[in-house]
Structures are given as C-alpha cells and as structure tokens.
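Engineer: Sharing a structure with you now.
The values are calculated or read from the model by the stated rules, or taken from the named source; none is laboratory data. This one's a predicted model, so the numbers in the text were calculated from it and none came from an experiment. As a convention, Cβ positions derive from the backbone with ideal geometry for all residues, glycine included, and neighbour counts pool all protein chains shown. Keep in mind that these areas ignore ligands, DNA and RNA; they rest on the heavy atoms of the full protein, side chains included. Shrake-Rupley method; radii C 1.70, N 1.55, O 1.52, S 1.80 Å.
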Amino acid sequence: MAAVNAADQIGYRRLMLLIDFFGSAEVVWKAKETALKYAGLPENALNSLINFRSENPDFPERVAEDCAAKKMNLCTVNDEEYPAILKEIHYPPPILYYRGEIKPTAERIAMVGSRKSTNYGERVAFMISEELATAGITVVSGAAYGIDTCAHRGALKHGRTVAVLGNGLNFKNSNAKDKMLEEIAENGVVMTEFEPNMQPSATTFPPRNRIIAGLSRGTVVVEAGEKSGALITSTFAADQGRDVFAIPGGIFAEMSAGCNKLIRDGAHLIRNAKDIFDYYENDVPEIFEAGQNQLPKPVKKFRKVEEKLFDTEEKTSPKVATKPLPEGKAGEVFAAIPADGFITQDEILMKVDSVESRELPQLLIKLELGEYITGENLRYKRI
C-alpha cells in the first residue's frame, strides 16, 4: 500500500478504489497497464503509477528495510493500530509511519499555535498540556517551535504526547528538536503520512494539520495571528465536526488576534484544562480515559460568521471582482466551484482531473484565506 500511495496522483480515494477492484495493494502494485486501465484509472494517474513503479521496482522492499533499520513502524488504514477516530475524516491518510506506540483508543486533545509565541502563550500551552496529561489525556501537536514545543514539553512532564510531522521520519532536524522527538517516541508517538525521506515544504504542512485535528476530539488554539497556520488546523477541526477551543488575549496583542476572532465566531473560550472537562458537561477526567471512548457529543459546534454587519455595498458585489482570479491548480478548483450553491470535495475532484485528492485541502484553504470561497462541513461555494 505504501508503494502505490507513494506515486503522484494516487491519493486515498483512488488507492481505496484500486484495492477494492484488485483485492489487495500487492496486486495493484503488480497489475499490468491494461488491467489498471480497465480498473478506470485516469491517464495521468496511470502514467504516474507506471513510471514510479518502473523507476522504483524495489520500493516495497526498501520501505520495509528502511523501517527495520531506522526502528520505524508502519500501519495502514486497515490495521488494528490505526486510530479509528482518524478514519472518520475526509480522506484519512492511507499510511502512517511512526516511532513509539500509537494507542489507537486513547483520548486526545490537540494544541496548536504560533511559532512566534510570546511568554504568555508559552506559559499557557505548557500549563494546560501538563494538566491534560496528568488527567490521562494525550496531547497532540505538530513539533514546531513555539507553542507546539511547549505543548509537547508540558505533556511529557506527566503523560503522553503525539507529534505529527510535515516530513518523513528520516529528516534531520536540529539536535534539540531531534532530542525532543526521541523523548516523545519514548512517551508517546511521532508519526507522519510522508515516506521516510520526504523533505518538509509549504505543501506538506496543511496535510499534517488535518491529521492533528483528525486525531483529536478537540483542538486548542493557544496563540495565533490573523494569518497563522494554526487557524488552518482549527478550520480542519471545525470541518470535521470536532470542537475548537481558544485562549483569549488582549485586544492589542498581535499573537492573540486569531484566537480572539475564533472566540468571536463561536469557538469555546477556555482558561485551563478544567474548562475543557466542563465543556463536555463533566469535570471528572475519567471520561477521557484511554479505551473508553465515552466523550459526549459536542454541546456547541464552532461555526464561522459569514455575514458582514456594516458594509452593505460590499454585499452587492462579489469580493473576487476587485482582485485577480487565482491561477494554476487553484484557479481550476475555483472554476469548478459554483456561486449559487455548495459543492463537495468529491464533486470537485470529479470535475478537475489535474488535481490529486491530497492536494485539494491545501488548495481550498488557499482559496478560503484569499476570500475567494467559503466552506461549511466540507462543502464549498464562491463568495
């Protein structure tokens, strides 16, 4: 499965359809070109798989050897150790590479925030993570500098944490970060959907963020500027029907602007871990204990406020009319999105053949941040 998924244009949707058609990923990898065509694989995806396979005939064996040599593990979406909660999201990662122990039934809360953190944000992240870990909650974050690091450090004092990476496990970080990841692997798990030698880039972090949100019952945004990447994680959480919590800050504080806006738009304001327990209508931490999966349904869903209250002129003219249309693949996705009704991600992928499923969330987020489209529950329309 890892070998087939490593080819460009073969994302979760196509991979699952191929496995369903052929019976196993091993048969897909060995299938003849005519058989792959008969299975309905589009020409661009077919060429990508054929070329990747011819250039890397021993890829399955190399992945297995690399995992054994580097003490990495691998699980697929069909394996028992794959977290069930992650299967609930749109396009779950087919493969997870990891070091440590996943504990698929553990209850998790994500904590994210800016790399340019303040002393206030760092203290809050450390404190709440320590409280959550002490209560038996696994804290999930992205192992970045700033808030992420403080979240992992706080959790490691008394419990477990999960670091989700935007690169392969073989990537060499700074000595300090690699040391922290070793500690996390010993007291939790370091995981990624990217093959071991994948380098980090701007395109790998949005997919990483969807996993952070997807693993967690709720996401806490500690500090975030108005354009912070942490807001992408909160958007994924909201779109996946998960809870969004935010730490309030001063109205003049640049790093609290994003959090304050989230609270204004419906995210739940919290000050400590007890506020999270209270949100689930029970301040007894046992509701989060590993293996029980007894978290109640959210009492309030995070939502975006779409309407403008004061600028009536802007309501009568589309925002995109005053700015250039998006180009490249983002432009193709934008062209497929209607202005008079919502469209799903599956429908977009059927209309835009050049876009792979793993690319689509990042393109949609780019269009949302550029205020070209708006989304709700994985359905989109033009603004």
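Engineer: For the chain, what relative contact order do you get, as a whole percent, if you take Cα pairs closer than 8 Å and at least 6 residues apart?
Structural biologist: Numbers: 706 pairs, mean separation 53.2, N = 383.
Worked out over the chain, it gives 14 percent.
Engineer: Can you tell me the Rg and the Dmax, both Å, for the Cα atoms in region 41-92?
Structural biologist: Taking only Cα atoms of region 41-92, I get Rg and Dmax of 14.9, 37 Å.
Engineer: Please compare each pair in 71/177; 103/227; 70/116; 116/177 to a cut-off of 22 Å on the Cα-Cα distance and tell me which ones are over it.
Structural biologist: Numbers: 71/177 18 Å; 103/227 33 Å; 70/116 32 Å; 116/177 16 Å.
Pairs exceeding 22 Å: 103/227; 70/116.
Engineer: Would you kindly compute the Cα radius of gyration of region 1-123 and its largest Cα-Cα separation (Dmax), both in Å?
Structural biologist: 17.9, 60
Engineer: Using the Karplus equation 6.51 cos²θ - 1.76 cosθ + 1.60 (θ = phi - 60°), what ³J(HN,Hα) coupling, rounded to whole Hz, does each residue of region 341-355 give in order, writing x for Gly and Pro?
Structural biologist: Taking θ as phi minus 60°, the curve returns x, 8, 9, 8, 5, 4, 5, 4, 5, 6, 8, 10, 6, 7, 9 Hz for region 341-355.
Engineer: Just in region 175-263: which trypsin sites (Lys or Arg not before Pro) are loop by DSSP and have at most 16 other Cβ atoms within 10 Å?
Structural biologist: 227
Engineer: Moving to a separate point now. Over the Cα atoms of region 159-282, what Rg and Dmax result, in angstrom?
Structural biologist: 15.7, 44
Engineer: So what's the net charge close to residue 64: Lys and Arg +1, Asp and Glu -1, counting the other residues with Cβ under 14 Å from its Cβ?
Structural biologist: -3
Engineer: If I take the Cα coordinates of region 3-61 and project them onto the principal axes, what are the three extents in Å, biggest first?
Structural biologist: 24, 21, 20
Engineer: Would you be so kind as to identify which of 109, 18, 78 lies farthest towards the positive end of the dipole of region 15-137, taking Lys and Arg as +1 and Asp and Glu as -1 on Cβ and the Cα centre as origin?
Structural biologist: 109
Engineer: Of 270, 355, 90, which is farthest towards the positive pole of the chain's charge dipole, taken about the Cα centre with +1 and -1 on the beta-carbons of Lys, Arg and Asp, Glu respectively?
Structural biologist: Highest projection toward the positive end goes to 270.
Engineer: Okay, next question. Between residue 373 and residues 5 or more places away or on another chain, which pairs have amide H atoms under 5 Å apart, with H built 1.01 Å from N, and which residues are they?
Structural biologist: 368, 383
Engineer: Ok, one more. What order do you get for 267-277, 230-240 when each peptide is scored by the mean count of other beta carbon atoms within 10 Å, highest first? Each step should come with its number before you reach the end.
Structural biologist: Working: 267-277: 18.7, 230-240: 25.5.
Per-residue Cβ counts within 10 Å, averaged per peptide and sorted highest first, yield 230-240, 267-277.
Engineer: Which one of 225, 341, 241 has the biggest mean-square fluctuation once the chain is modelled by GNM with Cα springs under 10 Å?
Structural biologist: Comparing 225, 341, 241 in the GNM, the peak value goes to 341.
Engineer: Restricting things to Cα coordinates, could you compute the convex hull volume per residue of region 102-143 in Å³?
Structural biologist: It is 63 Å³ per residue.
Engineer: Choose one answer from 126, 59, 252: the residue with the largest mean-square fluctuation in a GNM of the chain with alpha-carbon springs under 10 Å.
Structural biologist: Its mean-square fluctuation being the largest, the pick is 252.
Engineer: Per residue of the chain, what 222 nm ellipticity follows from adding -39500 (n - 2.57) for every DSSP H run with n ≥ 4, rounded to the nearest 500?
Structural biologist: Helix contribution divided over all residues of the chain: -11500 deg cm²/dmol.
Engineer: Of the candidates 324, 338, 57, which one comes out as most mobile in a Gaussian network treatment of the chain with C-alpha springs shorter than 10 Å?
Structural biologist: 324
Engineer: Hey, another quick one. Of all the accessible heavy-atom surface of region 113-272, with the other protein chains kept in place and a 1.4 Å probe, what percent is carbon and sulfur?
Structural biologist: Looking at region 113-272 in its full context, I get 54 percent from C and S.
Engineer: Beyond 17 Å, what share of the Cα-Cα pairs of region 140-223 is found? Please give it as a whole percent.
Structural biologist: So the portion of pairs separated by more than 17 Å is 43 percent.
Engineer: Moving to a separate point now. Per-residue counts of other Cβ atoms within 10 Å, averaged by peptide: what ranking do you get for 11-23, 78-90, highest first?
Structural biologist: Order by mean packing, descending: 11-23, 78-90.
Engineer: What are the extents of the Cα atoms of the chain along their three principal axes, listed from largest to smallest and rounded to whole Å?
Structural biologist: For the chain, the Cα spread along each principal axis is 61, 56, 38 Å.
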